[in-house]
Amino acid sequence: MNEKLLEEKILDAIDKCIGRISVAIDLPSHSIQINSDTPYSAASLIKVPILLEGFRQSEQGKVDLDETLMVPNEYRVGGAGVLSKLSQKIFLTVEDLLTLMIIVSDNTATNLIIDRIGSEAINNLCNSLALKQTYLSRKMMDFHAKEQGNDNITSASDIITCLRILDQSPLFSQQSREKMLYILHHQQFDTKLPARMDKEKIYIANKTGELPGVEHDCAIVRCEEKTAYIAVLIDEIDDNEYARDTIAEIGKLLNDYLTKAD
């Protein structure tokens, strides 16, 4: 499958999806951009730039990844994650909180990290990386803030930029990049982009996002010497399962492109 056929098949999959959809894919020698600069409610994709800022502050000496934080009862929020369900007194390192924030999308861990590194610093990072549509306006599960019009936003193209920086940028040491990739690679939510990929041939490091009417996924995908960066964002949907199926189909198309010769 060549790049032109891949894009045609992705457009076919998009046409069958009822909802607003955005796709950005960076391939070794080609780029596919479909509404990729359109802003969306970020859902848990906002945790990707939070991860970057956590490791950036670690490299600057502002945060020690081995620093231990207590998880107070008042910080525990619902939605994704495990910390809100555990015993009363919990102490975790910053690195463990960053890991939980990604691999099980833990909202309590995320809110603790936001307070530790600062929302202003996270937004300053987004500006410094020239992310045009990405902004942290509220903590996780703060639906009152959302009702007041304060939502976290991003775009497919911004998320691709984050993935490239995480994977390649000299802004981070090789050790930090390897740690962040390790965390993403151990993602526990694999029902979207990774769902139909051949795990024996494909390396995937991904981060999902979902809200009622919203389904997102983004990933770094490798096959031998080829690396692709992909983000698929969907909203305005009545059936989240159908949107997840669309994202899984796009993941399968990328899998076929990377693993099969023309």
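The values are calculated or read from the model by the stated rules, or taken from the named source; none is laboratory data. Please read these numbers as outputs of a predicted model, since none were measured by experiment. Backbone-built Cβ (ideal geometry, glycine too); neighbour counts: all protein chains shown. Areas reflect the complete protein model, heavy atoms only, side chains present, ligands, DNA and RNA absent. Shrake-Rupley method; radii C 1.70, N 1.55, O 1.52, S 1.80 Å.
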Restricting region 153-174 to residues that are assigned to a loop (DSSP other than H, G, I, E, B) and touching a Phe, Trp or Tyr at 6+ places or on another chain (Cβ under 7 Å), the one surrounded by the fewest Cβ atoms within 10 Å (Cβ to Cβ) turns out to be Phe172
Select from region 180-193 the residues that are of a type in the set (Phe, Trp, Tyr) and part of a loop (DSSP other than H, G, I, E, B) and list them in ascending order. Phe189
Looking for whichever is in a helix (DSSP H, G or I), farther than 21 Å from Arg20 by Cβ and in contact with a helix residue (DSSP H, G or I) (Cβ under 7 Å, 6 or more places away or on another chain) here; the options are Arg196, Arg177. Which one fits? Arg177
List the number of the failed condition for Ala80; all other conditions in (1) within 21 Å of the chain's Cα centre (by Cα); (2) assigned to a strand (DSSP E or B) hold. (2)
Name the single residue, out of those in region 211-222 being at pLDDT 95 or above and either acidic (Asp, Glu) or within 15 Å of the chain's Cα centre (by Cα) (or both), that is surrounded by the fewest Cβ atoms within 10 Å (Cβ to Cβ). Val214
Only one of these conditions is not met by Glu215: (1) farther than 25 Å from Pro28 by Cβ; (2) not in a strand (DSSP E or B). Which number is it? (2)
If we keep just the residues of region 64-77 that are hydrophobic (A, V, I, L, M, F, W, C) and outside any loop (DSSP other than H, G, I, E, B), which is most open to solvent (accessible area, probe 1.4 Å)? Met70
Residues within region 122-149 that are open to solvent by 70 Å² or more (accessible area, probe 1.4 Å), out of contact with any helix residue (DSSP H, G or I) (no Cβ under 9 Å at 6 or more places or on another chain) and not in a helix (DSSP H, G or I), tallied: 1
Hits in region 142-174 - residues which are aliphatic (A, V, I, L, M), in contact (Cβ under 8 Å) with a residue 24 or more places away in the chain and more than 23 Å from Arg20 (Cα to Cα): Ile165, Leu166, Leu171
Quick one: in region 40-63, of everything that is in contact with an Asp or Glu (Cβ under 9 Å, 6 or more places away or on another chain) and outside any helix (DSSP H, G or I), which residue is nearest to Ser173 (Cα to Cα)? Ala42
Please tell me if Ser22 is touching a Lys or Arg at 6+ places or on another chain (Cβ under 9 Å) and either modelled with pLDDT of 95 or more or not charged (D, E, K, R) (or both). no
Considering only region 38-46, I want to know if a residue exists there that is more than 16 Å from the chain's Cα centre (by Cα) and open to solvent by 50 Å² or more (accessible area, probe 1.4 Å). no
Can you tell me which residue is surrounded by the fewest Cβ atoms within 10 Å (Cβ to Cβ) among those in region 10-37 that are of a type in the set (Asp, Glu) and in contact (Cβ under 8 Å) with a residue 24 or more places away in the chain? Asp37
Residue pairs qualifying under the 7 Å Cβ cut-off, at least six apart or on distinct chains, with the first in region 110-132 being over 19 Å from Leu97 (Cα atoms) and the second being surrounded by fewer than 19 Cβ atoms within 10 Å (Cβ to Cβ), are Lys132/Asp37
State which residue pairs qualify: first residue on the phi > 0 side of the Ramachandran plot and inside region 196-215, second residue of a type in the set (A, V, I, L, M, F, W, C) and surrounded by 16 or more Cβ atoms within 10 Å (Cβ to Cβ) in any location, beta carbons under 7 Å apart, and separation of 6 or more residues or different chains. Gly213/Ile237
Return the residue satisfying two criteria in turn: it lies in region 90-99 and is open to solvent by 10 Å² or more (accessible area, probe 1.4 Å) and more than 13 Å from the chain's Cα centre (by Cα), and of such residues it is farthest from Gln57 (Cα to Cα). Ile90
